[in-house]
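A.B. asks: Starting off with a structure, shown below.
The values are calculated or read from the model by the stated rules, or taken from the named source; none is laboratory data. Predicted model, so just to flag it, every value in this text is computed and none were measured. Don't worry about glycine lacking a Cβ; one is built from the backbone with ideal geometry, like all the others, and counts go over all protein chains shown. Heavy atoms of the whole protein, side chains included, go into the accessibility calculation; ligands, DNA and RNA do not. Shrake-Rupley method; radii C 1.70, N 1.55, O 1.52, S 1.80 Å.
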Amino acid sequence: AKIALKVKASDADADNNIYSDVMTDIRAEYPGGEEAMNKWISENINYTDEIIEAVKQDQFKSTPVSFTIGRDGSVENPHSQLNFNRQLALEAMRVVGKMPKWIPAFKNGKPVASRHDIIVNFVIPSEE
């Protein structure tokens, strides 16, 4: 069930905690779901020569990124703690930080901030 409502980030009784998914009643969700999020990320990675070279040299070709979805659905504080490859981590954090607003998590009927972890995969676009 999709919830569509206007979220006020300045409610006087707002819950200012940041929750993990298991602590919320309804998890935050990227509009269109995980498949749409992965498509958006892949379309917004900037494959510079430096990034392409980093992808070729990286064993995993992916970077974990943690971030917060604010009560208003905004993506906040993207960071990567496992910097196997600094260039890939920086690009992954840049792209995640640009993501459009999510549908925020809810707890006790109110929007709350929540933590998320995703893996950003790097696939070099084929040269046509």
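A.B. asks: Select, from Phe106, Phe84, the only residue that is open to solvent by less than 70 Å² (accessible area, probe 1.4 Å) and either modelled with pLDDT of 95 or more or not in a strand (DSSP E or B) (or both).
C.D. replies: Working: Phe84 fails: open to solvent by less than 70 Å² (accessible area, probe 1.4 Å).
After ruling out the rest, the residue left standing is Phe106.
A.B. asks: Would you be able to tell me the number of residues in region 1-17 that are at pLDDT 55 or above, of a type outside the set (A, V, I, L, M, F, W, C) and open to solvent by less than 100 Å² (accessible area, probe 1.4 Å)?
C.D. replies: Narrowing region 1-17 to residues at pLDDT 55 or above: 13-17.
Restricting the remaining residues to those that are of a type outside the set (A, V, I, L, M, F, W, C) gives 13, 15-17.
This time we only want the ones that are open to solvent by less than 100 Å² (accessible area, probe 1.4 Å), so: 13, 15, 17.
So the count comes out to 3.
A.B. asks: Which count do you get for residues in region 72-81 that are open to solvent by less than 40 Å² (accessible area, probe 1.4 Å) and more than 14 Å from the chain's Cα centre (by Cα)?
C.D. replies: Going residue by residue through region 72-81, those that are open to solvent by less than 40 Å² (accessible area, probe 1.4 Å) are 73-75, 78, 80.
With more than 14 Å from the chain's Cα centre (by Cα) added as a condition, the list becomes none.
So the answer is 0.
A.B. asks: With the requirement that a residue be open to solvent by less than 40 Å² (accessible area, probe 1.4 Å) and either more than 14 Å from the chain's Cα centre (by Cα) or β-branched (Val, Ile, Thr) (or both), what does region 18-51 give you?
C.D. replies: Result: Tyr19, Thr24, Ile41, Ile45, Ile51.
A.B. asks: Under 6 Å by Cβ, and 6 or more places apart or on different chains, what pairs join a residue from region 50-67 that is without any contact (Cβ under 8 Å) to a residue 40 or more places away in the chain and among the polar types (S, T, N, Q) with one that is open to solvent by less than 40 Å² (accessible area, probe 1.4 Å) and not in a helix (DSSP H, G or I)?
C.D. replies: Sorted first by the residue in region 50-67, then by its partner, the list stays empty.
A.B. asks: Only residues that are open to solvent by less than 40 Å² (accessible area, probe 1.4 Å) and part of a strand (DSSP E or B): list them for region 109-128, please. Walk me through how you get there before you give the answer.
C.D. replies: Within region 109-128, the subset open to solvent by less than 40 Å² (accessible area, probe 1.4 Å) is 111-114, 116, 118, 120, 122.
Passing the criteria: Pro111, Val112, Ala113, Ser114, His116, Ile118, Val120.
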